[in-house]
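These notes are about the structure you will find just below.
The values are calculated or read from the model by the stated rules, or taken from the named source; none is laboratory data. Since the model is a prediction, treat every value here as computed from it, not as a measurement. Here the Cβ is made from the backbone with ideal geometry for all residues, glycine too, and neighbour counts use every protein chain on show. SASA here: full protein model, heavy atoms, side chains in, ligands and nucleic acids out. Shrake-Rupley method; radii C 1.70, N 1.55, O 1.52, S 1.80 Å.
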Amino acid sequence: MRWALLGASRIASSYVIDAIRAQQGAEIVSVLSSDAGRGRAYAERHGIAGSVTDLDAALGAEGVEAVYISTTNEKHHPQAMAAIAAGKHVLCEKPLATELSQAVEMVTAAREAGVVFATNHHLRNAGAHLAIREAVASGRIGRVLSMRVFHAVSLPEELRGWRVADAAAGGGVIPDITVHDADTVRFHLGEDPATVVARAGESGLGQGVEDSVMSVWSMPSGAMVQAHESFTHPHAGTGLEIHGTEGSIVARGVMTQEAVGEVWIEDAEGRHALKFETHNLYHRALGLFTAAARGEGRPSADGVDGVKSLAVALAVREAARSGRAVDVDYGGL
Ligand code: NDP
């Protein structure tokens with residue numbers, strides 16, 4: 001499959017270029033950058049044949065079947081709509097867009113065009129998360145009562161830029177990390193948050209955008225979810241806990257891009273380690289995407305998953321701003 005990269009980004013250079021190239025027969029033919037010099041240097045650094053500054057040129061390059069969108073968040077919608085109109089399969093970074101209606105439009109357009117549209121929610125590809133989901137779905141901990149997600153990190157210096165200072169580009173911890181937690185909670189519990197309450201603020205890094213947020217979500221089953229995301233916590237560690245009537249799943253160090261962490265179940269008999277696979281998260285995501293483009297199976301997180309994680313994040317932001325409980329609007333999907 002021939003790919004065009006839309007965006008000369010760090011996430012592509014750190015993980016996704018490698019994951020695309022891990023797929024048999026995959027080739028990256030060009031990278032789109034708004035800056036000709038940066039695009040050229042990026043292409044050279046990563047052994048990509050060409051770089052372009054024009055979206056139509058990226059989409060019109062011979063034989064391109066798929067695009068990976070990893071520009072700043074406000075560009076995802078126009079770039080995805082153009083790629084879909086050109087008949088390309090789309091792997092889009094999270095959050096899908098800055099507004100829910102845009103994300104719904106992207107998913108609807110892809111459906112109508114008959115192309116694969118996926119969201120790069122990497123966490124649900126991790127062996128640890130796959131094992132946790134299996135344990136919950138098989139009834140290992142009984143009926144789920146509550147879940148807690150800890151995803152308060154110290155944002156590395158090189159990632160700060162637009163994330164901590166540019167609301168228009170989709171900055172802030174809610175579009176950056178809460179979307180991942182929303183997807184993870186949906187993945188594990190198999191249901192969509194109904195109502196949220198939240199508090200958010202700036203705790204040292206944010207310049208006009210929130211850098212820390214705590215929220216509580218009500219699930220249709222009656223389960224309650226507590227989520228904590230931050231850019232300013234150097235020693236908090238990440239993890240999650242899912243508490244059921246027959247046991248609790250405890251995971252530490254699993255809200256990450258690497259195949260690491262520790263997971264165990266606590267029940268009446270004591271503590272039991274939960275074993276999991278340690279494959280590369282992004283290789284798995286790209287493998288499922290490539291198969292889906294061939295007509296086999298579905299991507300690990302599709303467009304609807306991307307719309308729903310964005311919907312929860314936007315509800316959390318609105319709840320924090322208004323101080324009220326907010327019903328999550330999934331845009332009809
Ligand atoms: P980057 O800041 O690395 O890149 C985003 C854009 O910034 C690029 O498209 C590029 O524009 C521009 N840019 C890059 N370097 C420079 C520079 N030195 N000077 C000026 N502009 C520059 O973003 P990330 O890789 O951190 O994030 C990109 C997207 O991926 C976001 O939507 C984010 O939410 C998502 N993401 C997802 C992750 C996941 O695991 N699923 C992890 C990290 C990010 P141009 O293309 O025009 O050159």
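At-a-glance table
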item: Two-site label geometry, ARG199 and ALA49: point separation in nm, points 7 Å out along Cα→Cβ; result: 5.6
item: Net length gained if the chain between ALA26 and SER322 were fully extended (0.36 nm per residue, minus Cα distance); result: 101.9 nm
item: Candidates ALA83, ALA315, ALA194: whichever shows maximal mean-square fluctuation once the chain is modelled as a Gaussian network with Cα springs under 10 Å; result: ALA194
item: Cα centroid separation - the stretch 77-144 against the stretch 5-44, whole Å; result: 21
item: Net charge of neighbours whose Cβ lies under 12 Å from the Cβ of ASP305, counting Lys and Arg as +1 and Asp and Glu as -1; result: +2
item: Three-way shape call for the stretch 253-325 based on the alpha-carbon gyration tensor, with the a/c threshold at 1.5; result: oblate
item: Mean accessible surface per residue for the stretch 157-301, computed with a 1.4 Å probe while every protein chain stays in place, in Å²; result: 43
item: Under 10 Å, Cβ to Cβ, from THR232 - net charge with Lys/Arg +1 and Asp/Glu -1; result: -2
item: Full-extension gain in nm, GLU157 to HIS235, via 0.36 nm per residue minus C-alpha separation; result: 26.5 nm
item: Calculated FRET value between ASP56 and SER146, using beta carbons and R₀ = 41 Å, to 0.05; result: 0.25
item: Spatially proximal aspartates and glutamates relative to LYS275 (Cα-Cα < 15 Å; intrachain offsets below 8 disregarded); result: GLU134, GLU262, GLU266
item: 20 Å-binned pair-distance histogram of the chain (Cα, whole percent); result: 32, 59, 9, 0
item: Within straight-line cross-link reach of LYS308, lysines at Cα separation under 22 Å, skipping those fewer than 8 residues along the same chain; result: LYS75, LYS94
item: The stretch 1-108 - accessible surface per residue (Å², probe 1.4 Å); result: 40
item: The chain: angle of helix 179-189 to the longest principal axis, Cα-based, in degrees nearest 10; result: 50
item: Between 0 and 90°, nearest 10: helix 76-85 axis offset from the chain longest Cα axis; result: 60
item: The chain: angle of helix 303-322 to the longest principal axis, Cα-based, in degrees nearest 10; result: 60
item: Shape call, the stretch 95-203: gyration tensor on alpha carbons, a/c limit 1.5; result: oblate
item: Solvent-accessible area of TRP162 with every protein chain in place, 1.4 Å probe, in Å² to the nearest 10; result: 80
item: Percent carbon-and-sulfur accessible area, the chain, ignoring ligands, DNA and RNA, probe 1.4 Å; result: 48
